[in-house]
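Reviewing the structure listed below.
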Amino acid sequence: MILHLSDLHFGTEKQECLRAIERFCLENKPEAIVVSGDLTQRARFKQFYACKVFLDGLKTPYIVVPGNHDIPLYNLWNRFLTPFLRYQLFFGKMENVLETKEFYFVGVNSIRRRHHTRGSISLKQIEHVDQLLRNAPRQKSKWVVVHQPFYTEPDDLHGLKDCPALGHLALKVWSQSGLNGLLHGHLHQSAIFDLNQIYDLGRSHPVLDVHAGTATSYRLHHGLPNSFNVIYSNTDIRHYYFSKALQSFVLDERKMNSISNL
């Protein structure tokens, strides 16, 4: 199983959620953790440090990608000259591959210093990820990790305008190379869509667009609780939300029913 976290927003983190994630990892022992961006609230040194200490303390292999909050917002000099300096100081390269017994993950940096929230995928990135997916072991479930979602429902205008430029082209190419799905954050709400049906990709299997809520931040949207996803090798997705009463993350049975209908 894979633990999919997003939008940790260190600097606005809830200690009770951090402790609950630590307990979840001890009890369930995920084979890897995927964090789909917004590690920090304002890309500050101490926020990256706190995030690094937390993720390392889970003692589980992990892959992270930057979010739009992981480059400076108000310091325009640093934003345009060295936008990823602090991210790279703590987490190294912005695009990595993580391979487990059952999964193959490719991280993609969709953040651009000239845009505040909207993402972008370059032609070079599309080609590079395509080659990685084609060369990945056939028996493994193949996923791309990128901060902004590739699809939102038409009435979600905020999410729609933030979908990465060239995202549709990237999806068409990657789906031909065995892509099983994409993991996102950004909108602080969980959702799952089958892009194979939505965009008529012609694949024989679903190509999932999996959104995660904010796992640890008090910056909650629409009154939704903190949450994360768990992913199994058969592409079964489980949604967990934070229960204040239990002080732990619990399985959302309603989400299970909606996911099974995809």
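The values are calculated or read from the model by the stated rules, or taken from the named source; none is laboratory data. Just so we're clear, the structure is a prediction, and the values are computed from it rather than from any experiment. Ideal geometry is used to build each Cβ from the backbone, glycine not excepted, and the neighbour counts take in all protein chains shown.
Look at segment 112-124: where a residue is among the polar types (S, T, N, Q) and a partner is crowded, with 16+ Cβ neighbours inside 10 Å and at pLDDT below 90, sitting 6+ places away or on another chain with Cβ atoms under 7 Å, you get Thr117/Asp162.
Look at Ser233 and say whether it is among the hydroxyl-bearing types (Ser, Thr, Tyr), more than 18 Å from Asp38 (Cβ to Cβ), in contact (Cβ under 8 Å) with a residue 60 or more places away in the chain and in a loop (DSSP other than H, G, I, E, B). The answer is yes for Ser233.
Taking first residues from segment 239-261 that are β-branched (Val, Ile, Thr) and modelled with pLDDT of 95 or more and partners that are surrounded by fewer than 18 Cβ atoms within 10 Å (Cβ to Cβ) and part of a strand (DSSP E or B), the Cβ contacts under 8 Å between residues at least 6 apart in sequence or on separate chains come to Val250/Tyr241; Val250/Ser243. Each residue in segment 26-85 was checked for being among the basic types (Lys, Arg) and in contact with a Cys (Cβ under 9 Å, 6 or more places away or on another chain), and 1 pass. Quick check on Thr152: is it at pLDDT below 95 and crowded, with 17+ Cβ neighbours inside 10 Å? Considered against the rule, which asks whether it is at pLDDT below 95 and crowded, with 17+ Cβ neighbours inside 10 Å, Thr152 comes out as yes.
With respect to the stated conditions, Arg114 fails to be modelled with pLDDT of 95 or more and either assigned to a helix (DSSP H, G or I) or over 22 Å from Ser233 (Cβ atoms) (or both).
Note on segment 210-219: residues that are in a strand (DSSP E or B), within 13 Å of the chain's Cα centre (by Cα) and within 17 Å of Thr117 (Cβ to Cβ) amount to 1.
With respect to Asp130, determine if the residue is modelled with pLDDT under 95, of a type outside the set (Gly, Ala, Ser) and either within 23 Å of Ala191 (Cα to Cα) or more than 18 Å from the chain's Cα centre (by Cα) (or both). In short, no. Answer yes or no as to whether Glu95 is out of contact with any Lys or Arg (no Cβ under 9 Å at 6 or more places or on another chain), closer than 26 Å to Asp56 by Cα, acidic (Asp, Glu) and at pLDDT 95 or above. For Glu95, the condition - out of contact with any Lys or Arg (no Cβ under 9 Å at 6 or more places or on another chain), closer than 26 Å to Asp56 by Cα, acidic (Asp, Glu) and at pLDDT 95 or above - is met. Considering segment 182-209, and only residues there that are polar (S, T, N, Q) and in a loop (DSSP other than H, G, I, E, B), the residue that is farthest from the chain's Cα centre (by Cα) turns out to be Ser204.
Only one entry in Leu179, Leu132 is touching a strand residue (DSSP E or B) at 6+ places or on another chain (Cβ under 6 Å), in a loop (DSSP other than H, G, I, E, B) and in contact (Cβ under 8 Å) with a residue 24 or more places away in the chain, namely Leu179.
For segment 182-198, the set of residues classified as without any contact (Cβ under 8 Å) to a residue 40 or more places away in the chain and surrounded by fewer than 18 Cβ atoms within 10 Å (Cβ to Cβ) consists of Gln197 only. The residue of segment 23-60 that is nearest to Arg86 (Cα to Cα), among those that are over 18 Å from the mean Cα position of the chain (by Cα) and among the small types (Gly, Ala, Ser), is Ala50.
Among the residues of segment 188-207, none qualifies, meaning not one is on the phi > 0 side of the Ramachandran plot and among the β-branched types (Val, Ile, Thr).
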